[in-house]
Amino acid sequence: MVDETIKKGDKIQVMYTGYLEDGSVFDSNEGKEALSFEVGAGRIIKGFDDAVIGMKIGESKSITVKPEEAYGERHEEMVIKLPKTQFQGEEIKEGMMVSSNNGMQATVVSVNENDVTLDFNFPLAGKTLKFDIKIVAIN
């Protein structure tokens with residue numbers, strides 16, 4: 001139904017663009033397939049999930065999601081320094097992504113003669129996110 005409003009348990013399709021506070025786009029499905037998910041199932045960030053409740057097909061809105069309802073706060077204990085010798089044979093550069101032996105992803109924060117500093121926080125942790133969302137379908 002066109003005037004049906006979204007509630008928990010609905011399967012919906014949305015178009016979205018996600019922005020950082022500085023206005024730069026970090027993710028978008030514009031020109032791609034709509035994002036499909038079940039509302040309230042915990043498959044997307046809480047702030048986005050909660051924001052679609054009560055919306056209707058064709059409705060658009062802009063939302064702001066605080067870190068605690070997105071990817072959480074940054075944790076400084078997840079930034080570690082390792083001896084550069086652990087990366088022998090690899091060309092490590094600042095900004096690149098590396099995987100630990102257990103499969104965790106980290107961003108290389110800095111490299112010097114002796115050490116490599118890695119950040120195991122999710123790249124969007126600690127950030128306030130903004131989204132433009134449009135409801136495409138309620139299934």
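The values are calculated or read from the model by the stated rules, or taken from the named source; none is laboratory data. Predicted model only: the values in this text are computed from it and were never measured. Note that we place each Cβ from the backbone using ideal geometry, even for glycine, and neighbour counts take in every protein chain shown.
Side notes on the structure shown:
- Each residue in the range 81-104 was checked for being surrounded by 13 or more Cβ atoms within 10 Å (Cβ to Cβ) and of a type outside the set (D, E, K, R), and 4 pass.
- The lone exception for Asp119 - which of (1) charged (D, E, K, R); (2) over 25 Å from Gln13 (Cα atoms); (3) over 18 Å from the mean Cα position of the chain (by Cα) it fails: (3)
- Each residue in the range 28-64 was checked for being acidic (Asp, Glu), surrounded by fewer than 13 Cβ atoms within 10 Å (Cβ to Cβ) and not in a loop (DSSP other than H, G, I, E, B), and 0 of them qualify.
- Residue among Phe48, Phe120 that alone is farther than 30 Å from Glu4 by Cβ, modelled with pLDDT of 95 or more and either out of contact with any Gly (no Cβ under 6 Å at 6 or more places or on another chain) or of a type in the set (A, V, I, L, M) (or both): Phe120
- Subset of the range 123-139 [basic (Lys, Arg) and assigned to a strand (DSSP E or B)]: Lys130, Lys134
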